[in-house]
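S.K.: Dropping the structure in here first, questions after.
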Amino acid sequence: MLLQLNRWLIERFRVHQTCVIIIDEAQNLSTELLEEIRLLTNLETASEKLLQIVLCGQPELAEKLREPGMRQLRQRVSLWCRTQPLTCEETAAYVATNFGLLGQLRRSYRRKPFSRFTYSGGIPRLINLICEHSLITAYVEQTKPVPARIVESVAQELNLSSSHLCCHL
């Protein structure tokens, strides 16, 4: 199978295509699987790698890669990136852009569809959860814009404390 993959990658290389494997939640991969991924980094021509591999994950991924048995894989990492929580302004733009796809949110953004947006700490996954649950609850209650009480109720249901407090829109 590895030989077939290598041939396919060489064909892509000949037509100037870049092949990328993106692995999300990589912190959940076993040591054995990470070693298999490391072996894929050996697929190369005399001058270039045939495959780009992107490992995405929670902070536990960095911890796992610091383990002694991960030294060879860690040495092959050419770029390390860490995302930071979004600022209040970035959070507002994120909500307007991503949840505008749901319809009325983008059109009414200037009127502040969420009377306030809190508890996310700027973490996109939490922003998504809060927005989705708040929009569903507001829809069920036939309420526009989404009032603070719904957002606060959702935050309680998700066990988000005020220590995650980000900002008000």
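Every read-out reported here was derived from the displayed coordinates using simple, explicitly stated rules and does not represent laboratory data. This is a predicted model, so every value here is computed, not measured. Don't worry about glycine lacking a Cβ; one is built from the backbone with ideal geometry, like all the others, and counts go over all protein chains shown.
S.K.: Treat each spin label as a single point 7 Å out from the Cα along the C-beta direction, and report the Val140 to Glu157 distance in nm.
M.R.: Label-label distance for Val140 and Glu157, simple model: 0.5 nm.
S.K.: Between Glu25 and Val77, how many nm apart are label points set 7 Å from Cα along the C-beta direction?
M.R.: 2.1
S.K.: Check Cys19: other-chain or 5+ apart residues with amide H under 5 Å from its amide H, H built from backbone geometry?
M.R.: Amide H neighbours of Cys19, under 5 Å, 5+ apart: Gln52.
S.K.: Additional query: Figure the gain on full extension for Thr87 and Leu39 (residue separation times 0.36 nm, minus the Cα-Cα span) and round it to one decimal in nm. Don't skip to the answer; put the middle values down first.
M.R.: Details: separation 48, 0.36 × 48 = 17.28 nm, distance 3.87 nm.
Gain in length upon complete extension: 13.4 nm.
S.K.: Here's another thing I want to ask about it. At q = 0.13, 0.15, 0.17 Å⁻¹, work out log10 I(q)/I(0) for segment 2-75 with the Debye formula, treating every Cα as an identical point scatterer and leaving solvent out; two decimals please.
M.R.: Computed log10 I(q)/I(0) values: -0.43, -0.55, -0.69.
S.K.: Here's something else I'd like to know. Considering amide H positions built from the backbone, and no H for Pro or chain starts, which residues 5 or more places from Gly122, or on another chain, come under 5 Å of its amide H?
M.R.: Residues meeting the criterion, in which the H sits 1.01 Å from N, do not exist here.
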